[in-house]
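A.B. asks: Have a look at the structure that comes next, please.
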Amino acid sequence: MTSYFIRPKKLSVIAALLLAQIISAQQKPNIIIIYADDLGYGDLGCYGMRGITTPNIDRLAQQGLKFTNAHTTSATCTPSRYGILTGRYPWRQKGTGVAPGDASLIIPLERGTLPAALQNAGYRTAAIGKWHLGLGNNGTIDWNREIKPGPNEVGFTYSFIMPATLDRVPCVYVENHHVVNLDPNDPIEVNYKQKIGSEPTGKENPEKLRMKPDPNQGHAQTIVDSISRIGWMSGGHSALWKDADIAGDITKKAITFIGKNRTQPFFLYFATGDIHVPRYPHSMFRGKSGMGLRGDAILQLDWTVGKIVHALDSLGLTKNTLIIFSSDNGPVVNDGYLDGSVENLGDHKPAGVLRGGKYSIFEAGTRVPFMVKWPGQVKAGKTTNTLFSQVDLYASLAKLTGQSLKEGDGADSFDRLNALLGKTAEDRPFVIEEARGLSITKGEWKYIAPNNGAALAKDVNIELGNLPQPQLYNMKNDIQEQHNAAEKHPEIVKELAALLERIKEEKK
Ligand code: NG6
Ligand code: CA
């Protein structure tokens, strides 16, 4: 007998076909930036790590393009994030160093940003995960009211963020303009100058801690989730995060955002808390890497990436989604907590072959893993050594989405779309790196401007690369920056020093 009504099974097939049609009609690709925290050049299987496997992240490299000479603007978090989102060198603006948890928003409201350009191009945009670019203005934030300006004022349609780093108070999520799960009868107060409230602190109540702060590095203030932090906070008990749940919480939000926007172009800036300190991953990963909590956090990071990729697959979005994976600065092992990561590191080299690490003007400070996957558009399984900077994502993605930048917007950002998609291996004309001082790399030469910072950061055990004399390294023959060739090649020193000065003096 012929059926006159469509069976539910058929209906779902029709719905799927319709959805596929809507999706293929969607011209512009979805864009996801997965931004890891403190992940080093040597911290992934596809960048040579042995001992821990990172299959989900490695698959991005297998199915996409792997960069071996891509740089953040800076060797710490806040300035690199500023660079990627604004397309400007952070050192052009005061106050772009590592931000305390109560800092005001450092992104100027009057200028264009990467997310705002994509918003103009019709994208739904989201910042999910670590923010660390300040919130509010005038140096004061009332965490119990509407918190602004923040991500939603600089181009993000939706935000779900950890305000600063995981080691800084307040340890709460902020969704759009509000602290999540805040009980109005238990208001939050935050102070970075003096103790407030009666919460236990790492200094006074070490017996309450699950990991000890390094006595040389602070981090002994208010205890949240059995971990003492930088800064004091009181109240907000119902809003406090659990460190072991952060990766899962933000991944869930990311997948929800992707699902909600599956029929229209979206941009997701997904900034993980991993593998920054304090490292306290979920029990699924704790003790699983054989390399201590830092290794366990790498496993968690890989899981996170797997979940995002899987969500795209199951929604049929893989083909039309450009994924960029990178890190905000180089690696550090002990960054404030005695969490066993140093003892358990074994022979793993977080910076790979490079010298230095986080905070360093040597290469490991800013040369980070960087991968691009876009099926059908970026050839799979290739590696490129093109000199690349994250500051160029703004102009490049604006180009991709048909946006022209207003005068002054993204002023340091070059359109490097062809390099990003592997269509050219041409180098950026130069790359500037920032730590305590600045360096400039052009072709095979890297010049580090003289500066009087310390040569070594003892507490974190990282060579910072600062010297009162000029340094010049040949990055082709001496990638480990062992042989200072400044005296041998004064003409190159002169040329690069002049170029750096010229760029610094540009009015932007
Ligand atoms: C440093 C902290 C370090 C970490 C870093 C920011 C001390 C001694 N060290 O000042 O623990 O929080 O700032 O890291 O306080 S970043 O990746 O967000 O830049
Ligand atoms: Ca960082």
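A.B. asks: Based on DSSP H assignment, which helices of the chain show an axial Cα extent of at least 20 Å together with a mean Kyte-Doolittle hydropathy greater than or equal to -1.0? Intermediate values should be presented prior to the final figure.
C.D. replies: Values: long enough: 8-25 (25 Å, 1.42); 246-260 (21 Å, 0.47); 292-314 (33 Å, 0.30); 490-505 (22 Å, 0.02).
Both cut-offs are met by 8-25, 246-260, 292-314, 490-505.
A.B. asks: Hey, another quick one. Do me a favour and compute the ellipsoid semi-axes for the range 431-505 from its Cα gyration tensor, root of five times each eigenvalue, largest one first, whole Å. Kindly include the intermediate steps, with their values, before the conclusion.
C.D. replies: Details: eigenvalues 78, 44, 24 Å².
Ellipsoid semi-axes (Å, largest first): 20, 15, 11.
A.B. asks: Given the DSSP H assignment, sum -39500 (n - 2.57) over each helix run of at least 4 residues in the chain and divide by its residue total; what's the result at 222 nm in deg cm²/dmol, nearest 500? Write down the numbers at each step before the final one.
C.D. replies: Numbers: 9 runs with 110 residues, N = 508.
Helices in the chain give a 222 nm mean residue ellipticity of -7000 deg cm²/dmol.
A.B. asks: Count the DSSP beta bridges whose two residues both fall in the range 27-420, then state the antiparallel fraction as a percent rounded to the nearest 5. Kindly include the intermediate steps, with their values, before the conclusion.
C.D. replies: Details: 21 of 50 bridges.
Bridges in the range 27-420 are about 40 percent antiparallel.
A.B. asks: What GluC sites (Glu not before Pro) does the range 150-229 have in DSSP loop regions with at most 16 other beta carbons within 10 Å? Mind dumping the intermediate values first?
C.D. replies: Working: sites: Glu153, Glu175, Glu189, Glu204, Glu207; in loops: Glu204.
Here the sparse-neighbourhood loop sites are Glu204.
A.B. asks: What FRET efficiency would be calculated for the residue pair Leu109, Glu444, taking the C-beta separation as r and a Förster radius of 51 Å, to the nearest 0.05? Could you put the intermediate results ahead of the total?
C.D. replies: Values: r = 40 Å, r/R0 = 0.79.
According to the calculation, E is roughly 0.80.
A.B. asks: Of Lys442/Lys504; Lys28/Lys423; Lys382/Lys508, which pairs sit farther than 24 Å apart, going by alpha carbon to alpha carbon? Mind dumping the intermediate values first?
C.D. replies: Details: Lys442/Lys504 16 Å; Lys28/Lys423 19 Å; Lys382/Lys508 36 Å.
Pairs exceeding 24 Å: Lys382/Lys508.
A.B. asks: Pop out the ³J(HN,Hα) list for the range 31-40 in order, Karplus 6.51 cos²θ - 1.76 cosθ + 1.60 with θ = phi - 60°, rounded to Hz; leave Gly and Pro as x.
C.D. replies: Each residue's phi maps through the Karplus curve to give 10, 10, 9, 9, 10, 7, 10, 6, 7, x Hz.
A.B. asks: Non-local amide H neighbours of Arg168 (under 5 Å, H modeled in plane, Pro and chain starts lacking H): which ones?
C.D. replies: Residues meeting the criterion, in which the H sits 1.01 Å from N, are Ile230.
A.B. asks: Follow-up question, since we're still on this one. Test of the criteria: in the range 177-286, which trypsin sites (Lys or Arg not before Pro) are in a DSSP loop and have at most 12 other Cβ atoms within 10 angstrom of their Cβ? Please list the in-between numbers first.
C.D. replies: Details: sites: Lys193, Lys195, Lys203, Lys208, Arg210, Arg229, Lys242, Lys252, Lys253, Lys260, Arg262, Arg279, Arg286; in loops: Lys193, Lys195, Lys203, Arg210, Arg229, Lys242, Arg262, Arg279, Arg286.
Passing sites in the range 177-286 are Lys193.
A.B. asks: For the chain, with only Lys/Arg (+1) and Asp/Glu (-1) charged at the beta-carbon, what is the dipole magnitude about the Cα centre, in debye rounded to 20? Kindly include the intermediate steps, with their values, before the conclusion.
C.D. replies: Numbers: 58 positive and 52 negative charges, 330 e Å.
Approximately 1580 debye in magnitude.
A.B. asks: Another question about this same structure. Given R₀ = 56 Å, FRET efficiency for Glu407-Thr53 by Cβ-Cβ distance, to 0.05?
C.D. replies: Details: r = 48 Å, r/R0 = 0.85.
The computed FRET efficiency comes out at 0.70.
A.B. asks: Only loop residues by DSSP count here, and only those with at most 15 other Cβ atoms within 10 Å; note down the chymotrypsin sites (Phe, Trp or Tyr not before Pro) in the range 88-190 that meet that.
C.D. replies: Numbers: sites: Trp91, Tyr123, Trp131, Trp143, Phe156, Tyr158, Phe160, Tyr173; in loops: Tyr123, Trp131, Trp143, Phe156, Tyr173.
Within the range 88-190, no chymotrypsin sites (Phe, Trp or Tyr not before Pro) qualify (loop, at most 15 other Cβ atoms within 10 Å).
A.B. asks: I want to check the label-to-label distance for Asn451 and Asn418. Put each point 7 Å from Cα in the C-beta direction and report it in nm to one decimal.
C.D. replies: 3.4
A.B. asks: Might you report the magnitude of the Cβ-based charge dipole of the range 54-202 about its Cα centre, with Lys and Arg at +1 and Asp and Glu at -1, to the nearest 20 debye? Each step should come with its number before you reach the end.
C.D. replies: On the way: 14 positive and 12 negative charges, 149 e Å.
Here the range 54-202 has a charge dipole of around 720 debye.
A.B. asks: Could I ask something else about it? So for the pair Asn120, Lys208, with labels modelled 7 Å out along Cα→Cβ, what separation do we get in nm?
C.D. replies: 5.0
A.B. asks: Quick one: accessible surface of Glu199, probe radius 1.4 Å, all protein chains present, in square angstrom to the nearest 10.
C.D. replies: Answer for Glu199: close to 50 Å² accessible.
A.B. asks: Would you kindly state how much longer the chain becomes between Lys288 and Gln62 on full extension, computed as 0.36 nm times their sequence separation minus their alpha carbon distance, in nm to one decimal?
C.D. replies: Values: separation 226, 0.36 × 226 = 81.36 nm, distance 2.46 nm.
Full-extension gain reported as 78.9 nm.
A.B. asks: Can you list the HN-Hα couplings for the range 348-361, worked out from phi with the Karplus curve (6.51, -1.76, 1.60; θ = phi - 60°), rounded to whole Hz and with x for Gly and Pro?
C.D. replies: Using θ = phi - 60°, the values come out as 5, 10, x, 8, x, 7, 7, 9, x, x, 3, 6, 9, 7 Hz.
A.B. asks: Amide H neighbours of Ile462 under 5 Å, at least 5 residues apart or on other chains, H built in the peptide plane: list them.
C.D. replies: Ala457
A.B. asks: Not counting ligands, DNA or RNA, and with a 1.4 Å probe, what is Val190's accessible surface area in Å² rounded to the nearest 10?
C.D. replies: We get 30 Å² for Val190.
A.B. asks: How much length, in nm to one decimal, is gained on full extension between Ala244 and Ser198, taken as 0.36 nm per residue of separation minus their Cα-Cα distance? The partial results should precede the final answer.
C.D. replies: On the way: separation 46, 0.36 × 46 = 16.56 nm, distance 2.45 nm.
Gain on extension, Ala244 to Ser198, equals 14.1 nm.
A.B. asks: While we're on this one: Provide Trp303, Trp232 ordered by accessible surface of protein heavy atoms (probe 1.4 Å), highest first. All intermediate terms of the calculation are to be shown ahead of the outcome.
C.D. replies: Values: Trp303 65, Trp232 40 Å².
So, going from the largest accessible area down, we get Trp303, Trp232.
A.B. asks: Using the Cβ atoms and a cut-off under 14 Å, what net charge is assigned to the surroundings of Leu456, where Lys and Arg are +1 and Asp and Glu are -1? Mind showing how you got there, number by number?
C.D. replies: Values: positive: Arg355, Lys358, Arg436, Lys458; negative: Asp459, Glu463.
It works out to a net charge of +2.
A.B. asks: Translational diffusion coefficient, Stokes-Einstein: compute it for the chain using the Kirkwood radius over C-alpha pairs as Rh, at 4 °C and 1.567 mPa s, and state it as an integer in µm² s⁻¹. It would help to have the intermediate numbers written out before the result.
C.D. replies: On the way: Rh = 23.4 Å.
Rounded to a whole number, D works out at 55 µm²/s.
A.B. asks: With a Förster radius of 60 Å, plug the Cβ-Cβ distance of Asp183 and Lys476 into 1/(1 + (r/R0)^6) and report the FRET value to the nearest 0.05. Before the final figure, lay out the partial values.
C.D. replies: Numbers: r = 59 Å, r/R0 = 0.98.
The value I calculate is 0.50.
The values are calculated or read from the model by the stated rules, or taken from the named source; none is laboratory data. This is a predicted model, so every value here is computed, not measured. When we count neighbours, we look across all protein chains shown, and the Cβ atoms used for this are built from the backbone with ideal geometry, even at glycine. Note: areas computed on protein heavy atoms with side chains; ligands, DNA, RNA excluded. Shrake-Rupley method; radii C 1.70, N 1.55, O 1.52, S 1.80 Å.
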